[in-house]
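Here's the structure, in structure tokens; my notes come after.
The values are calculated or read from the model by the stated rules, or taken from the named source; none is laboratory data. Only a predicted model underlies this, so the values are computations on that prediction, with no experimental measurement involved. Heads up, the Cβs are rebuilt from the backbone with ideal geometry, glycines too, and the neighbour counts pull from every protein chain shown.
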Amino acid sequence: MVTIVGNVRRAMVVAILIGISMSPAGDGLFAQTSTTTAPATHAKKPVSKTGTTSADAGKAAGTKSKASSAKAKSGASSKTTTKKGAATRKKHIVSRKPTAQTIHLTSAFKASEQLRPMAQQLASTRSPAAYSGVQAYARQHPGEGAAAAYLALGHAATLDHRYDDAVHSFLLANTSGTALDDYADYLGAQAAVQAGHGADAYGLLDNFAVRHPESIFDANAPVLLANAHLQQNDPPGALKVLVPLADSAQASHVDFRYALARAYQMSGDTTHAASIYRNLYVGFPLSVEAGQASSQLQAMNMPLTAGERKVHADQLFNAKRYAEAGEEYHSIERDGSLSAADHDALLIYAAACDMRMKHISRREVEKLPDTKDDSAALKLYLLAELSRTENDQTAHDALIAHMVRDFPTSRWLEEALYSGGNMYLLKHDPQQATYHYALLVKLFPKSTYAASAHWRAAWMNYRLHNYPEAARLMDEQIEMFPAGIEAPGALYWRGRIFEDEEKNFGQAVNYYHALTASYVNSYYAGLARQRLSVLKTQATDVAPAAALSSVRVPVIPELTGELPENEPHLIKARLLANAALNEYIGPEIQASSTSSEWGALAQAEIYSSYGETTRAIQSMKHSGISFFSIPLDQVPTVYWKLLFPQPYWADLTANAQQNGLDPYLVASLIRQESEFNAGVVSHANAWGLMQLLPSVGKAQAKRQKMKGFNANELLNPSVNLELGTANLRQVLDRFGGQAEYALAAYNAGDVPVRQWQAIGDYKDIPEFVESIPYTETREYVQAILRNREIYHALYATP
């Protein structure tokens, strides 16, 4: 039966190729296309006065732009093995015997190996030369090689919105080979709908799951088929596809619901259609379909109510989509059905959006109505924020006191207290910062800010040398927020209080051991190991303190360093890379039932095999594996080396040595700055591996007597490393060779670091690091120093 259906579909493909139309083309477009996104990296954020991240606290840079690092290296991921001496509990993939399917897929992969550089170049640039190169490859490599090339061409044409060309290429892929038939069918059908020829998609999508069992498109094919029917003005055909699936998991997806609503609407059943549209608009406000649903309700003369629009706007507001929320609020203001109270509340919420967008003045806020509900607290919050911006602490504190008195449970008091604590933290006023943070935790113990505020209150007490209160709060932090990112710091600094102030060395050792056991690769675990080496002759055994029972024990994942070479989804993923269908690599791997054991490794190795170091790092970071809580020998070494790679190593080490730098420190800085993406340029105009400003590059080039320098040379890894390591050496020298100061200055600038040095009476460097008020800078310094230790552990000769 499957063979018959397949032959029928193949005949349809041939018919379409020679121009036979199965039904007249219609109008409309309902399918969405997927697009390829190059890897993103992050740089320093711009100046702002709200909060304590560097974005809040005054960083002179922006977010790095998305850019790919396509290197001319190809080939499949080779089988890898676990690190010698790694834990014996590691799973080993049970070898699968080759099947007809896997033999065919492997043959297709080998037939298209040489296509990969050309296909990836086409996906990246889509230049005429790139198109010509892949077209020539298709002509010269019949069979599966041509099929992969035509898939690459169809994908590129889709990205260029040349849908008729895409349809033609996908159909050629279909007739040239069979290894990726499900992709040729689905993407070809999608392109046909986008080209306005939905009827041509019917044969490609009918019985899709039967013809392509285990395809990643099985769940989406019915929706695309329904959209093809709708485009051809055939709502009964769409309903015939969708209604039988009403109880399936797919029916909960917004694209399914929207297609079903359109089918009802076009069938004349506006009651069912309107119900679904309203549910989409209110229940899925962040989706594209929400806006489309609103338009369709207007077209049916069944507009949304002011109440529905307010719920929608509120959800946009909570999602921090202030421009859209503000537009909706302002639009609702003109609805005559609103009560006076609702109208006043909407004015205040619209003003809150305007403030977030920096489109409102104090005078406009003061003129907002005085209400009796929670929106009155919002007005006070807006005034408090304005006072903060204007550096009017007296007015700010009075407004906070007003809110505490009249609105003690309002979310806006919660926001105001956290913002106020951050303001005083940046002003180096620990007493006032502690007051705001502690009050927030007291009034809003379940706040999303609670863990952060609680820790900052604990740290402020530590900095004020109020060690008994700091110790109490740190133990409380461990017990109340064991999953928080502050837990390692709480364990370390509570241990330091035991060690330095209470002289309870045994308990200090208990805390350090708990820290190194649960957060083994963290910045603070490294510090704890240093303290343990100091205390090994001084400490006596004591029973662990009660707070340590709350410390979370890390879960060691079941991972293998071997890839299942006869796993169909893995081979297909590699084949997809040859055709530059990059966005489908991850979903294809995860379609395997055993991918939890090897999927992260497979995806990273596919990228790494082409020299895409940045993509490999990012795929490991997004794998869900808690690497920094797991001992190195509990994860196969290949995972660590993909997460902490050594690209450009010869140039890096040579330049590091020339400037007296630890190459692993340089590698850690680059990993944090650009993730080894040599071609990245940030929104703050920082370039290349070490994220140098052109002005810095020019100054360094002049010192190095490099003639004819221009900014584009910073995208050359060799030049960037030469100038960047020289610059890092100078930053280190300005701060006496102390890496922590230098790294903080590299991220935040020299001036803030000099200010932090001047105001502190720090016991040691770790206390300085924890006291950095810019969250991004503090975490940046800690991450680089943590990563340096991992680099040393992986690569340094003992």
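Restricting to the range 628-638, what's the tally of residues that are within 19 Å of Gln672 (Cβ to Cβ) and buried (at least 20 other Cβ atoms within 10 Å of the Cβ)? Talk me through it step by step, then tell me what you get.
Residues of the range 628-638 that are within 19 Å of Gln672 (Cβ to Cβ), as a first pass: 628.
Subset that is buried (at least 20 other Cβ atoms within 10 Å of the Cβ): none.
Residues that pass the stated criteria total 0.
Within the option set Ser592, Ser533, Ser596, being in contact (Cβ under 8 Å) with a residue 24 or more places away in the chain, outside any loop (DSSP other than H, G, I, E, B) and either touching a Cys at 6+ places or on another chain (Cβ under 9 Å) or of a type in the set (S, T, N, Q) (or both) holds for one residue only, Ser596. Kindly indicate whether Ile606 is crowded, with 24+ Cβ neighbours inside 10 Å, on the phi < 0 side of the Ramachandran plot and not assigned by TED's automatic domain parsing to the domain that holds Tyr524. Criteria met by Ile606. Going by what's in this entry, would Ala136 be described as aliphatic (A, V, I, L, M), modelled with pLDDT under 95 and either in a helix (DSSP H, G or I) or in contact with a helix residue (DSSP H, G or I) (Cβ under 7 Å, 6 or more places away or on another chain) (or both)? No; evaluated as a whole, the condition is false for this residue. Filtering the range 635-650 for residues that are in contact (Cβ under 8 Å) with a residue 12 or more places away in the chain, hydroxyl-bearing (Ser, Thr, Tyr) and touching a strand residue (DSSP E or B) at 6+ places or on another chain (Cβ under 9 Å) leaves an empty set. Would you confirm whether or not the range 356-366 contains a residue that is under 33 Å from the mean Cα position of the chain (by Cα), part of a helix (DSSP H, G or I) and at pLDDT below 95? Scanning the range 356-366 turns up at least one residue that is under 33 Å from the mean Cα position of the chain (by Cα), part of a helix (DSSP H, G or I) and at pLDDT below 95.
Here is a list: His343, His330, His359. Which entry is touching a helix residue (DSSP H, G or I) at 6+ places or on another chain (Cβ under 6 Å) and of a type outside the set (Phe, Trp, Tyr)?
Values: His343 fails: touching a helix residue (DSSP H, G or I) at 6+ places or on another chain (Cβ under 6 Å); His359 fails: touching a helix residue (DSSP H, G or I) at 6+ places or on another chain (Cβ under 6 Å).
Only one candidate qualifies: His330.
If the condition is being in contact with a His (Cβ under 9 Å, 6 or more places away or on another chain) and within 19 Å of Pro235 (Cα to Cα), then the range 171-198 contributes Gln194, Gly198.
Please enumerate the residues belonging to the range 300-344 that are over 37 Å from the mean Cα position of the chain (by Cα) and in a helix (DSSP H, G or I).
Step one: of the range 300-344, the residues over 37 Å from the mean Cα position of the chain (by Cα) are 300-302, 334-344.
Scanning the range 300-344 gives Ala340, Ala341, Asp342, His343, Asp344.
Conditions (1) within 21 Å of His569 (Cα to Cα); (2) at pLDDT 95 or above; (3) assigned by TED's automatic domain parsing to the domain that holds Asn787, marked per residue:
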site: Gly599; (1), (2), (3): yes, yes, no
site: Ile617; (1), (2), (3): no, yes, no
site: Arg671; (1), (2), (3): no, yes, yes
site: Phe676; (1), (2), (3): no, yes, yes
site: Met690; (1), (2), (3): no, yes, yes
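Could you look through the range 562-589, keep only residues that are assigned to a helix (DSSP H, G or I) and acidic (Asp, Glu), and pick out the one that is nearest to His104 (Cα to Cα)? Applying the filter and picking the extreme gives Glu588. Take Ser718 and tell me if it is among the small types (Gly, Ala, Ser), closer than 22 Å to Ser608 by Cβ and in contact (Cβ under 8 Å) with a residue 60 or more places away in the chain. Considered against the rule, which asks whether it is among the small types (Gly, Ala, Ser), closer than 22 Å to Ser608 by Cβ and in contact (Cβ under 8 Å) with a residue 60 or more places away in the chain, Ser718 comes out as yes.
Would you pick out the residues in the range 419-458 that are hydroxyl-bearing (Ser, Thr, Tyr) and touching a residue at least 40 places away in the same chain (Cβ under 8 Å)? Once the filter is applied, which keeps residues that are hydroxyl-bearing (Ser, Thr, Tyr) and touching a residue at least 40 places away in the same chain (Cβ under 8 Å), the range 419-458 yields only Ser419. When Ala290, Ala246 are checked against the criterion of being surrounded by fewer than 17 Cβ atoms within 10 Å (Cβ to Cβ) and of a type in the set (Gly, Ala, Ser), a single residue qualifies: Ala246. The residues of the range 249-282 that are touching a Leu at 6+ places or on another chain (Cβ under 9 Å) and among the hydroxyl-bearing types (Ser, Thr, Tyr), listed by number, are Tyr258, Tyr264, Ser267, Tyr277, Tyr281.
Within the range 728-736, not a single residue is more than 25 Å from Lys427 (Cα to Cα), surrounded by 19 or more Cβ atoms within 10 Å (Cβ to Cβ) and either small (Gly, Ala, Ser) or in contact with a strand residue (DSSP E or B) (Cβ under 8 Å, 6 or more places away or on another chain) (or both).
Of all residues in the range 459-480, those that are free of Cβ contacts under 8 Å to residues at least 12 places away in the same chain and more than 14 Å from Val441 (Cα to Cα) have Cβ atoms under 8 Å from Cβ atoms of residues that are assigned to a helix (DSSP H, G or I) and not small (Gly, Ala, Ser), 6 or more apart or on another chain, in Glu469/Asn461. Considering (1) of a type outside the set (Lys, Arg); (2) surrounded by 20 or more Cβ atoms within 10 Å (Cβ to Cβ); (3) more than 23 Å from Leu380 (Cβ to Cβ), the lone condition that Asn301 does not fulfil carries the number (2).
Of the residues Ala457, Ala451, only one is more than 15 Å from Thr775 (Cβ to Cβ) and either of a type outside the set (Phe, Trp, Tyr) or buried (at least 24 other Cβ atoms within 10 Å of the Cβ) (or both); which?
Values: Ala451 fails: more than 15 Å from Thr775 (Cβ to Cβ).
When all the criteria are applied, what remains is Ala457.
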